[in-house]
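Taken together, the values in this text are just the output of simple stated rules run on the coordinates, not laboratory data. For clarity, every value in this text was computed on a predicted model and none was experimentally measured. A quick note on method: Cβ atoms are made from the backbone with ideal geometry, for glycine too, and the neighbour counts reach across all protein chains shown.
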Ligand SMILES: *Cc1c(COP(=O)(O)O)cnc(C)c1O
């Protein structure tokens, strides 16, 4: 095998060797007692990380499966898709492709979603669901989730669907306290696992809404997840190897302590921020709304990002991200999420210094 390139792109991220090893456990039947035990074993830890007393479901898909599924299960009337970057903007397109009446509340990339703007739109009474991306990975914006979730009390019939694909386990989340309806994430971001597994939880109101919709499909039917979850199973054959990996990652997360994990993410993120300032770069995300999982750097020095990445790969065996979608080249992104350490992030920043000097 060739030497692995270390990934400082914001997903997929580096997967530790011990996690890859943990995935090599022998296969078991997905309707067996062994599988039920595996599923049940990880539920308490997952519930703690999601901040819920309800079930956490395991979907063998990437996050988009559950993002699309949420639309199919929960939108009867019209959905408000809040967009502030590539992933959140795309959700509007996905809603329409699902045949739903959908409207975008789209802000300039780099800016956050504002609760008062959502309030204005929900006040029209047109909407029965909204989508929000907590941590918009393309722009490095961390949206004010608590402020937005507080609107749920005013609009109890609106389903609040939240993607925390790249926020989950980098900052504390409490689904029950937020009072939202769906919280979803994926395996290849801060959970530091290979892609292919999505995790989500849904409120009683979400299940009640799903019961009223007939076009839920099968693969992402929330009611199937609930019924199977009650038996510690999944609707269809799951990615058992990834679930072994998840069990291993959860053990590591709880050995470190969830709070220590959030602190570590903040500290490593601050190291990158210091590097950005020291090198005369600016931040793409508005101040006060910056992600703890990654940094989206504004390329105000107009460096050749592709060339920089080439040097990083050739001489240091690692890559960063050269910007996503319409801000490719105008920005670059450095991930600090997952199993990274002070030492590993310092290595990346030292490599960046050396590579910048060669441009
Ligand atoms: C990566 C990411 C997704 C998409 O995940 P897939 O695994 O490609 O389905 C969605 N939302 C956010 C915020 C992400 O960072």
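Note down the Stokes-Einstein diffusion coefficient of the range 131-206 in µm²/s, whole number, using a Kirkwood radius over alpha carbon pairs, 37 °C, and 0.692 mPa s. Please list the in-between numbers first.
On the way: Rh = 12.8 Å.
For these conditions, the coefficient is 257 µm²/s.
Under a point spin-label approximation (7 Å from Cα along Cα-to-Cβ), what is the residue 213-residue 20 distance to one decimal in nm?
The two pseudo-label positions are separated by 3.9 nm.
Taking Rh as the Kirkwood radius computed over C-alpha pairs, what is the Stokes-Einstein D of the range 246-359 at 10 °C in a medium of viscosity 1.306 mPa s, expressed in µm² per second?
Translational D for this selection: 107 µm²/s.
Compute the distance in nm between two label points, each set 7 Å from the Cα along the Cα-to-Cβ direction, one at residue 146 and one at residue 267.
With each label point 7 Å from Cα toward Cβ, the separation is 2.3 nm.
Starting from the Cα-Cα distance between residue 300 and residue 76, subtract it from 0.36 nm times their residue separation and give me the gain in nm to one decimal.
Going from the current span to full extension adds 76.2 nm.
Could you tell me the center-to-center distance, by alpha carbons, between the range 171-204 and the range 62-88 in angstrom?
14
Could you work out the relative contact order of the chain? I mean the mean sequence separation of Cα pairs under 8 Å and 6+ apart, divided by the number of residues, in percent.
Values: 701 pairs, mean separation 84.8, N = 359.
Reported relative contact order: 24 percent.
In what sequence do 239, 82, 98 fall when counting other Cβ within 10 Å, fewest first? Could the numbers behind the result be given before it?
On the way: 239 20, 82 26, 98 17.
Exposure proxy ranking, most exposed first: 98, 239, 82.
At 0.36 nm per residue, minus the direct Cα-Cα distance, what do residue 313 and residue 204 gain on full extension? Give it in nm, one decimal, please.
Numbers: separation 109, 0.36 × 109 = 39.24 nm, distance 4.78 nm.
Length gained between residue 313 and residue 204: 34.5 nm.
Taking every pair of distinct Cα atoms and averaging 1/r, then inverting, what Kirkwood hydrodynamic radius in Å comes out for the range 46-130? Each step should come with its number before you reach the end.
Numbers: mean 1/r = 0.0708 Å⁻¹.
In the range 46-130 this quantity evaluates to 14.1 Å.
Could you give the length gained on full extension between residue 258 and residue 356, defined as 0.36 nm per residue of separation minus the Cα-Cα distance, in nm?
Numbers: separation 98, 0.36 × 98 = 35.28 nm, distance 3.51 nm.
Taking residue 258 through residue 356 to full extension adds about 31.8 nm, to one decimal.
Considering just Cα atoms, how many Å³ per residue does the convex hull of the chain enclose? Could the numbers behind the result be given before it?
Numbers: hull volume 45.9 nm³, N = 359.
Roughly 128 Å³ of hull volume per residue.
For the range 180-337, what mean projected area does the convex hull of the alpha carbons give, in nm²?
Values: hull surface 51.5 nm².
Over all viewing directions, the range 180-337 projects a mean Cα-hull area of 12.9 nm².
How much mean residue ellipticity at 222 nm does the chain get from its helices, if each DSSP H run of length 4 or more adds -39500 (n - 2.57) and you divide by all residues, to the nearest 500 deg cm²/dmol?
On the way: 13 runs with 148 residues, N = 359.
The per-residue figure over the chain is -12500 deg cm²/dmol.
Once label points are set 7 Å from the Cα along Cα→Cβ at both residue 5 and residue 223, what is their separation, rounded to one decimal in nm?
4.7
Which of these, 53, 32, 241, has the largest mean-square fluctuation under a Gaussian network model of the chain (Cα springs below 10 Å)?
32
Would you mind telling me the antiparallel percentage of the DSSP bridges in the range 17-254, rounded to 5? List each step's numbers first, then the result.
Values: 10 of 27 bridges.
In the range 17-254, DSSP labels about 35 percent of beta bridges as antiparallel.
Determine, for 103, 108, the number of other Cβ atoms within 10 Å of each Cβ, and report the residues in order from fewest to most. Could you put the intermediate results ahead of the total?
Values: 103 17, 108 9.
Going from least to most buried by this count: 108, 103.
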